[in-house]
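The values are calculated or read from the model by the stated rules, or taken from the named source; none is laboratory data. Owing to the predicted nature of the structure, the values given are computational and were not obtained by experimental measurement. Note: ideal-geometry Cβ built from the backbone for every residue, glycine included; neighbour counts use all protein chains shown. Quick note on the areas: whole protein, heavy atoms, side chains included, nothing else; ligands and nucleic acids left out. Shrake-Rupley method; radii C 1.70, N 1.55, O 1.52, S 1.80 Å.
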Amino acid sequence: MTGVSRLAYLGANATDLAAWKKYGAEVMGLEIGTDSSDRRLYLRADERHHRLSIHAADNDDIAYVGWELANHETLEAAVNALESHEVRVGAGRSTELADRRVLELAHFTCPHTGVRMELTVGNETAFYPRFTSARDLSGFLMGGLGLGHVVLLSADVKAAAEFYARTLGFGISDFVVSPDGAAVGAFLHCNPRHHSLAFFSVPMSPGKKIQHLMIETTSLDDVGLSYDLCLKHKITKSSLGRHPDDRGLSFYFRNPSRWLFEYAWQLRTIDPQNWTTEKYTIGAGNGWGHAGLFSPEE
């Protein structure tokens, strides 16, 4: 595939950076970056310099999504494709390149979500010291599949999906529709991970542009132990369950900024070159569990 290769990182704004530092280590099991500061928290999950960057701010929402591309030529082609669709693309400043730990960066505002999207080349890898979980977790499945998947809120999920397919080379894995046939969710792939980007029209975190970020563990026990820990802290949003499309066993839990993470195990992979878009209907007996996921927040 051409265009985007994988989800590289996610940046978020937060009003309580101290709470995020405690949460990142004790709940998520991530490693606190040694070059974090009182204004920016780096969270490491594998050999990349960081996968999450939390910035001290006066709001609690997603700040940007970072996508990885193979090389400069691919980045240029992506910029040209976006501009041909009348999307304004900017070049990353030197301070932004240093902050994100990349060689090249171009950015645009997603016309369907309002979220800043960053296209990057040359993301920093740190082989040593090796990633060490802050609690007893076996690790996370990232590498060539990327960070995981991010789900954003969009009023027109079909239009959003088609935009990313036309401009950045994403493939459409499937749509989720309501019983009357209206598309309420769209799921897109850029590598063998079933989806790295998705759009949903039903908010899980009211007032946020992001619904959730999924991170895949390398062990079923990691999901189970994390679920018990989140129950103890009273931050679970759903029960354990399995979605019909990516088929991973997972649950959802809240973070200090009141949007959601999903920890999942053994998600489906696909062949991007030989894939036919699928469709699933909500409430048609597909999947199981995840009780409470769409219930109103307290």
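What part of the accessible area of the chain, given as a whole %, is carbon or sulfur when the probe is 1.4 angstrom?
Within the chain, the accessible surface is 52 percent carbon and sulfur.
Expressed in nm to one decimal, what extension gain is obtained for the pair Ser138 and Glu104 from 0.36 nm per residue of sequence separation less their Cα-Cα distance?
Additional length available on full extension: 9.0 nm.
Rg to Rh ratio, region 35-109, alpha-carbon atoms and Kirkwood radius?
Result for region 35-109 is an Rg/Rh of 1.00.
Tell me, what ³J(HN,Hα) does each residue in region 262-279 have, in order and in whole Hz, if you take phi through Karplus 6.51 cos²θ - 1.76 cosθ + 1.60 with θ = phi - 60° and put x for Gly and Pro?
Working through the residues one at a time gives 10, 9, 9, 9, 6, 6, 5, 10, 10, 9, x, 7, 9, 10, 10, 4, 10, 9 Hz.
Would you work out the charge dipole size for the chain about its Cα centre, treating the Cβ of every Lys and Arg as +1 and the Cβ of every Asp and Glu as -1, and quote it to the nearest 20 debye?
Its charge dipole is roughly 400 debye.
Shape verdict for region 64-162, please, from the Cα gyration tensor: rounded (a/c under 1.5), prolate (a/b greater than b/c) or oblate.
Note, shape of region 64-162 comes out oblate.
Check the straight Cα-Cα distances from Lys237 and name the aspartates and glutamates below 17 Å, setting aside those fewer than 8 residues away within the same chain.
Asp228, Glu262, Glu297, Glu298
Skip the ligands, DNA and RNA, and give the accessible area per residue of region 167-298 with a 1.4 Å probe, whole Å².
Ligands and nucleic acids excluded, the result is 41 Å² per residue.
Can you give the accessible area per residue of region 1-132, in Å², using a 1.4 Å probe?
Normalised by residue count, the accessible surface of region 1-132 is 45 Å².
How large, in Å, is region 83-242 by the Kirkwood hydrodynamic radius built from its alpha-carbon pairs?
Roughly 18.0 Å, rounded to one decimal.
Report the label-to-label distance for Asp156 and Glu26 in nanometres (one decimal), using points 7 Å from each Cα along the Cα→Cβ vector.
Going from the Asp156 label point to the Glu26 one covers 4.6 nm.
Please give the calculated 222 nm ellipticity per residue for the chain, where each DSSP H segment of at least 4 residues contributes -39500 (n - 2.57) and the sum is spread over every residue; nearest 500 deg cm²/dmol?
Computed ellipticity for the chain at 222 nm equals -5500 deg cm²/dmol.
Label points 7 Å out from Cα along the Cβ direction at Ala56 and Thr34: separation in nm?
Placing both labels 7 Å along Cα→Cβ, they lie 2.3 nm apart.
What fraction, in whole percent, of alpha-carbon pairs in the chain exceed 29 Å separation?
Roughly 29 percent, once rounded to a whole number.
Which value results when the Cα radius of gyration for region 173-284 is divided by 2.2 N^0.38 Å?
In units of the globular-protein estimate, region 173-284 measures up at 1.10.
Quickly rank 132-145, 175-188 as a protection proxy: mean count of other C-beta atoms within 10 Å, highest first.
Those peptides, ordered most packed to least, come out 175-188, 132-145.
Straight-line reach from Lys158: which lysines fall under 16 Å, measuring Cα to Cα and dropping same-chain residues less than 8 apart?
Reachable lysines: Lys279.
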